[in-house]
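The values are calculated or read from the model by the stated rules, or taken from the named source; none is laboratory data. Source: prediction; values computed, not measured. Glycine also receives a Cβ, built like all others from the backbone with ideal geometry; neighbour counts cover every protein chain displayed. Please note that ligands, DNA and RNA were not included when accessible areas were found on the heavy atoms of the full protein model with its side chains. Shrake-Rupley method; radii C 1.70, N 1.55, O 1.52, S 1.80 Å.
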Amino acid sequence: MPLIALGLNHLTAPVSLREQVAFDAAVAPEALGDLTRQPGVEEAMILSTCNRTELYCSVAEGFEAVPSQWLSRQHRLTPQRLDEFLYRHDEQDAVRHMFRVATGLDSMVLGEPQILGQVKDAYQQARSAQTLRAPMERLLQHTFAVAKRVRTDTRIGAHTVSVAYTAVRLAEQVFTDLRQACVLLIGAGETIELAARHLADKQVRRLIVANRTLENAQELAGRYAGYAIALADLPRHLAEADIVITSTASRQPVVTRQMVADAIAARRRRPMFMVDIAVPRDVEPEVASLDDVYLYGIDDLKQVIDENRRSRELAAREADAIIDLQVERYMAWRRALNLRNPAVDMRVAAEAQRDEVLAKAQAMLAKGRTAEEALAFLANTLTNKLLHTPSARLRDAAMAGDLDLLHAAGRLYGLDPDDDHSA
């Protein structure tokens, strides 16, 4: 049953398309169920982040195109619109891709650790939706072990930067002294919390946290001496911000062109720096056309990230070597699933023979034969039945001079004089 990894990411598709095919956590369980109901799809996991949407599926032979067709229908896109941006990896290439994704080797920020948590979240979603079976369950467990080993055995995570850190670095280039800046953070997830931590280290003058749920905003703001507001109050506070960093899970923009235009007017044309690292985007793209507004999206962070990437390329090559070895180990286990295990057949046959002889021995007792007679019959008959076929095969092998089979049988039964197990 072929394993495939299908998707698009920051290298193959613009953010305008990535936001169209993103799955948020609320719809993922239903989407997983629908995907595994498609013809030939046996297992499925959906990984959706700001930089990628990927489907990992086990499919029946001849149904490899079904997941990409489903993805197009799911987001009401024509195959012609989507296919040129998609990549697909099959079998061991799919395994290698999953390992590289989970270890951060395929990330915009090389080696960034957040992606492993996102893969684990996707795994938990698939488990809850009951769309995993033994092959992909084993693959995910192997993936987590590989990611841990890469982190331990290489320096891929040394001096790593996150997207949130990159956003703060970019803001620092615009505002040389962040201690004079008021920063507005929109959202309360991991990315925004990382940004808050970096900004607190920079001792920003004022920190405002906006979230749809005021309690979540208050919890995050409280940890970093910030001020919390509800998302509904954003228009009243936007003008206070010199810097805006936003990353929510909203399917619709939370910052409109009109909101920003009003804020700039209230600021008396003092410039505003905005970084939108959400997918789908939180800030309407038309905001970029306003004077005195400097809007950066997730794809605009690439230049800053590339400078940091070069320092970890050696560690990335070491990580790839570990991954290549682990890919082969997983594929060996997967190939073994398709092999018929003769040990199972031997046990089934032996148990059938045992039951047959035991029934006859019990019948002897019922007819008044002594226990010693029944036990002797049981032992002798069962021994003869178990050894009859292999003895006949070995006798034929000896007559034919088949030394390979004779030695193999000796090793199987621990009788080969060349094998020394005493050490």
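Considering only alpha-carbon pairs that sit under 8 angstrom and 6 or more positions apart, the relative contact order computed for the stretch 120-214 is 24 percent. Backbone phi angles across the stretch 270-281, fed through the Karplus curve with coefficients 6.51, -1.76 and 1.60 (θ = phi - 60°), yield HN-Hα couplings of 5, x, 10, 9, 10, 10, 9, 10, 9, 9, x, 5 Hz in residue order; Gly and Pro are listed as x.
As a length-normalised measure over Cα pairs under 8 Å and 6 or more apart, the relative contact order of the stretch 26-91 settles at 23 percent. The mean of 1/r over all distinct Cα pairs in the stretch 18-141, once inverted, gives the Kirkwood hydrodynamic radius of 14.8 Å.
If you place +1 on the Cβ of every Lys and Arg and -1 on the Cβ of every Asp and Glu, how big does the dipole about the Cα centre of the stretch 43-112 come out, in debye to the nearest 20? Its charge dipole is roughly 320 debye.
Once the trypsin sites (Lys or Arg not before Pro) in DSSP loops with at most 11 neighbouring Cβ atoms within 10 Å are cut out of the chain, the longest remaining piece is 77-250. Computed from point charges on the beta carbon alone (+1 for Lys and Arg, -1 for Asp and Glu), the dipole magnitude for the stretch 110-263 about its Cα centre is near 520 Debye.
Helix screen, the chain: DSSP H segments with Cα axial length of 27 Å or more and mean Kyte-Doolittle hydropathy at least 0.0 are 342-366, 371-400.
Residues whose amide H falls under 5 Å from that of VAL275, counting only those 5 or more places apart or on a different chain, are VAL244, ILE245, THR246, TYR296, with hydrogens built in the peptide plane. Length, then width, then depth: along the principal axes, the Cα atoms of the stretch 207-332 run 62, 34, 28 Å. Once each part is reduced to its C-alpha centroid, what is the distance from the stretch 91-114 to the stretch 213-275 in angstrom? Cα centroid to Cα centroid, the span is 33 Å. Within the stretch 89-231, the proportion of C-alpha pairs whose separation exceeds 23 Å stands at 50%.
Residue-normalised convex hull volume from the C-alpha trace of the chain: 244 Å³ per residue. Sequence-distant contacts, meaning Cα pairs under 8 Å at least 6 residues apart, place the relative contact order of the chain at 13 percent. State the percentage of accessible surface on the stretch 314-409 attributable to carbon and sulfur atoms; use a 1.4 Å probe and exclude ligands, DNA and RNA. The computed percentage sits at 60.
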